[in-house]
Amino acid sequence: MVPSNLIAKKRDGKRLSKKEIHWFINSFLNKEISDSQMSSFLMAIFFRGMDIKEISSLVNIMIESGSKLDFSDSNYFIADKHSTGGIGDKTSLILTPILGALGIKVPMIAGRALAFTGGTIDKLESIAGFQSKQSLKKFKSLTIKNNCAIICQSDEICPADQKIYKLRDLTATIPSLPLITSSIMSKKISEGINTLVLDIKIGNGAFMKTLKEGKALAKMMKKTGNEFNLKTDFIFSSMDQPLGKYAGLACEINESIDTLSGNGPKDLIELTLKLGSKILIRSGIASNIKNALALQKSVIKDGSALRRFKTMIHNQGGDLCHFKKLNQPKYTNYITAKKDGYLSKFNTEGIGWSLVELGCGYKFKKSKLDNSSGVEFIKKIGDQITRGEKIYRIFNSNREKLEVASKLMEETFKITDQNESVKLIIDES
Ligand code: URA
């Protein structure tokens, strides 16, 4: 086979066979196919799409590229959650230990920042010493020991997604139904879980801008899950504004700890517990939504979810003792309102790109992140604003980048006379 012929075949909108897809991915992993050839292939998929059979072949080869976790020697209830990517979305960091405290095993493979969205792994790596790469054997033992562990893809686990994910981030090939489906589902199926809840983000800060697009993605993911005996539930949640009060790196770890301590913002708690309820009901641990919410609140109240979180960090080499001191930002800017009214709209994707400029995401292959960087959302949609009031607090440790990001942030909100609101949970299935 010739790589450029397969790229051309997809470029011209033709169907690729299972053999061709497997050969292309394997040759990329063997370094015979270059990053530039793979980037063209991804762009061809982005424009031409894939049918169900092609997606299934892609998911299969992405799983087979590495080793899978196997819990078949036990009776554990093993579950996970994943989101399609958002701004300020730290629900994975909060839900994983909550479920762990309720007896569910959660072996989570998470990702880094993608385009304008934040990455769970980058946030965790703001904790000094935290090891997001673990061997399959250690990952399994960490999950069994503490009920939860969060790692990233590696040469052993989902190597195809590890390499393709990075390329997609740098080549504007993320918002593609087959590429998102194969990236997420290959990770989740490799975890050996039996239940998955997917948070499909919808809106101006999401890859899926409309509910219709989100539903099409969910349908594809459900179908893929069924093929692998994985039960999937879906929440469609709004990304028309950032989730919670902070977006960034260390600041999102702080907000997660606050939330696990019982002091989280309302929207973040609502979505986290809603996602958790889906898993708790599937597991039989909760009989209904009311019961599931009460159980999750009880492990926040008694401190057991926070203890799970701290143990998880400790087990993976992280040091939380000096965390706040080590991640103090050197510089801070405020963006203020130029008129009275109501905060009626965010350009959430614009906020995400400002965060990339600030130091929270990757512009280049070798971009170095700034763990101290982030934004505090002092006001959210529907808040009444007086001229001169602070809308954002922006912080990092590089003055030049702070200035660039601040300029962009000035353009990311609208104040009008209209009092608007955003419905956080749009739909579920
Ligand atoms: N999260 C992933 O893991 N992959 C994607 O493609 C998008 C979100």
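Every number here is computed from the coordinates shown, using simple stated rules; none is lab data. Quick caveat: nothing in here was measured; it's all calculated off a predicted structure. All Cβ positions, glycine included, derive from the backbone under ideal geometry; neighbour counts span all protein chains shown.
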Query raised in the report: Given the options Lys166, Lys407, Lys345, which has the most mean-square fluctuation in a GNM of the chain, springs set between C-alpha atoms less than 10 angstrom apart?
Result: Lys407
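Hand me the trypsin sites (Lys or Arg not before Pro) from segment 171-242 located in a DSSP loop with no more than 12 other Cβ atoms within 10 Å, in residue order please.
When the trypsin sites (Lys or Arg not before Pro) of segment 171-242 are filtered for loop state and at most 12 Cβ neighbours within 10 Å, nothing remains.
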Requested in this report: May I ask you to give the average projected area over all directions of the convex hull of the Cα atoms of the chain, in nm² rounded to one decimal?
Outcome: 19.8
Report task. Give a residue-ordered list of calculated ³J(HN,Hα) values for segment 42-57 (Karplus: 6.51 cos²θ - 1.76 cosθ + 1.60, θ = phi - 60°; whole Hz; x for Gly, Pro). Result -> 5, 5, 5, 5, 4, 7, 9, x, 9, 8, 4, 5, 5, 4, 4, 5
Requested in this report: Would you mind estimating how fast segment 3-49 diffuses translationally, via Stokes-Einstein at 37 °C and 0.692 mPa s with the Kirkwood radius over Cα pairs, in µm²/s?
Outcome: 315
Report summary line: For Glu376, the net charge from surrounding residues (Cβ-Cβ under 12 Å; K, R +1; D, E -1) works out to +3
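Over the Cα atoms of segment 349-420, compute the convex hull volume and normalise it per residue, giving Å³. Provide the component values of the computation, followed by the final result.
Details: hull volume 6.4 nm³, N = 72.
That works out to 90 Å³ per residue.
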Report task. Quick one: what are the phi-derived ³J(HN,Hα) couplings along segment 371-378, Karplus 6.51/-1.76/1.60 with θ = phi - 60°, whole Hz, x for glycine and proline? Result -> 4, 7, 7, x, 9, 9, 8, 6
**Report entry** Gap separating the Cα centres of segment 249-278 and segment 157-192, nearest whole Å
**Finding:** 26
Query raised in the report: Can you pull the percent of Cα pairs in segment 304-353 with separation above 12 Å?
Result: 79
Report summary line: Hydrodynamic radius by Kirkwood for segment 125-213, inverse mean 1/r across distinct Cα pairs, in Å, is 15.0
Query raised in the report: In whole angstrom, and with the biggest value first, how far do the Cα coordinates of segment 1-160 range along each principal axis?
Result: 51, 38, 28
**Report entry** Relative contact order (%) - criterion: Cα under 8 Å, at least six apart; region: segment 79-315
**Finding:** 29
Query raised in the report: Dividing the convex hull volume of the Cα atoms of segment 191-316 by its residue count, what figure in Å³ per residue is obtained?
Result: 131
Query - Those GluC sites (Glu not before Pro) in segment 9-112 that DSSP places in a loop and that have at most 12 other beta carbons within 10 Å - result: Glu32
Query raised in the report: Got the relative contact order for the chain handy, in percent, Cα pairs under 8 Å and 6 or more residues apart?
Result: 19
